[in-house]
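Written out below as structure tokens is the structure these notes cover.
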Amino acid sequence: MIRVGVLGARGRMGSEVVRAVEAAKDMEVVAAIDADDPLSALVDARAEVVVDFTHPDVVMGNLEFCIANGIHCVVGTSGFDNAKLALVEQMLAGKPEVGVLVAPNFGIGAVLLMRFSEIAARYYESAEIIELHHPRKADAPSGTAAHTARLIAAAREGMDPMPDATTQEEQGARGAQVDGVRVHSLRISGMIAHQEVVFGGESETLTIRQDSLHRTSFMPGVVLGVREIVSRPGLAVGLDKYLDL
Ligand SMILES: NC(=O)C1=CN([C@@H]2O[C@H](COP(=O)(O)OP(=O)(O)OC[C@H]3O[C@@H](n4cnc5c(N)ncnc54)[C@H](OP(=O)(O)O)[C@@H]3O)[C@@H](O)[C@H]2O)C=CC1
Ligand SMILES: O=C(O)C1=N[C@H](C(=O)O)C[C@H](O)C1
């Protein structure tokens, strides 16, 4: 049995993770921790793997503690940019046996959307992202949208800039730019997590869309991450690293 600690255990995602881990035959929750609970409970409970769905402001401190204590980390919390990932690499330098998976999105459809977007990016002169989430989300753009934008930007290397004649703009009307890719963030009651990537070229568009209709959609990916991380030391970014895409 893999001994799992859940950080953010009373949150929207964390509470689903507790249920999913308990339902899996080969793992158990040994510590369910939320804000104000001491991280030392993870060590007391001999947790082997931590699943973190907390907040972008606290996740780095959690990682520092877990890595220092030899606990593998499956991280769903958003807000990771290259600078934060470099810090995680630094934390791991002294603990090469520890694994950390940072997954912008654990939904299989979202993982496929990101891969398909990376493939499509080279074939279209225009690409923009629309992400749609519930209004209680703390960060914008979403981690998934930012990661997708970076993948598209990397795939477009060497291509001409996207056409855009805008010279006069209400602030924000054209969205945020992540590595030069426009991202538009909607916060809509009733929604969970949704993303569209719209590509355009000569007399043609391609729209790729994924919808998470319930937070259970993320759980097969989280459980896979817990199962895999115990034998995958080092930092992996994206669940696709554990899939044969
Ligand atoms: N990668 C993926 O597939 C997905 C990622 N996410 C990301 O996961 C994160 C959490 O989302 P969501 O569950 O909706 O958010 P919630 O606010 O519902 O849950 C976060 C929980 O973490 C708690 N928390 C805050 N600080 C700490 C701490 N230091 N230690 C332990 N627990 C703490 C919060 O407590 P309190 O409310 O008291 O502050 C809250 O209970 C977000 O960054 C979101 O973007 C979400 C869905 C899927
Ligand atoms: O906050 C959320 O809900 C989600 N956050 C992640 C993100 O920022 O991409 C993953 C998913 O979109 C749900």
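If I ask for residues that are touching a residue at least 40 places away in the same chain (Cβ under 8 Å) and either surrounded by fewer than 14 Cβ atoms within 10 Å (Cβ to Cβ) or among the acidic types (D, E) (or both), which ones from region 41-61 would you list?
R46, E48, D52
Conditions tested, residue by residue: (1) more than 11 Å from ligand 1 (Cβ to nearest atom); (2) within 16 Å of the chain's Cα centre (by Cα); (3) under 20 Å from E97 (Cα atoms); (4) open to solvent by less than 50 Å² (accessible area, probe 1.4 Å).
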site: F199; (1), (2), (3), (4): yes, no, no, yes
site: E202; (1), (2), (3), (4): yes, no, no, no
site: T205; (1), (2), (3), (4): yes, no, no, no
site: R209; (1), (2), (3), (4): yes, no, no, no
site: S212; (1), (2), (3), (4): no, yes, no, yes
site: R232; (1), (2), (3), (4): yes, no, yes, no
site: L235; (1), (2), (3), (4): yes, yes, yes, yes
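When you scan region 1-48, how many residues do you find that are within 21 Å of I67 (Cα to Cα), of a type outside the set (A, V, I, L, M) and in a helix (DSSP H, G or I)?
Qualifying residue count for the region: 3.
Being surrounded by fewer than 16 Cβ atoms within 10 Å (Cβ to Cβ), more than 9 Å from ligand 2 (Cβ to nearest atom) and of a type outside the set (D, E, K, R) is the filter here, so list the residues in region 120-145 that pass it.
Matches in region 120-145: Y123, S126, P135.
Here is a list: T148, T167. Which entry is touching a Leu at 6+ places or on another chain (Cβ under 8 Å) and either over 21 Å from P56 (Cα atoms) or buried (at least 20 other Cβ atoms within 10 Å of the Cβ) (or both)?
Just a single option satisfies the conditions, and that option is T148.
The values are calculated or read from the model by the stated rules, or taken from the named source; none is laboratory data. Keep in mind that what you see is a predicted model, and the values were worked out from it rather than measured. Positions of Cβ are generated from backbone atoms using ideal geometry, with glycine treated the same way; all protein chains shown enter the neighbour counts. For the accessible areas, the whole protein counts, side chains as well, though only heavy atoms, and no ligand, DNA or RNA atoms are used. Shrake-Rupley method; radii C 1.70, N 1.55, O 1.52, S 1.80 Å.
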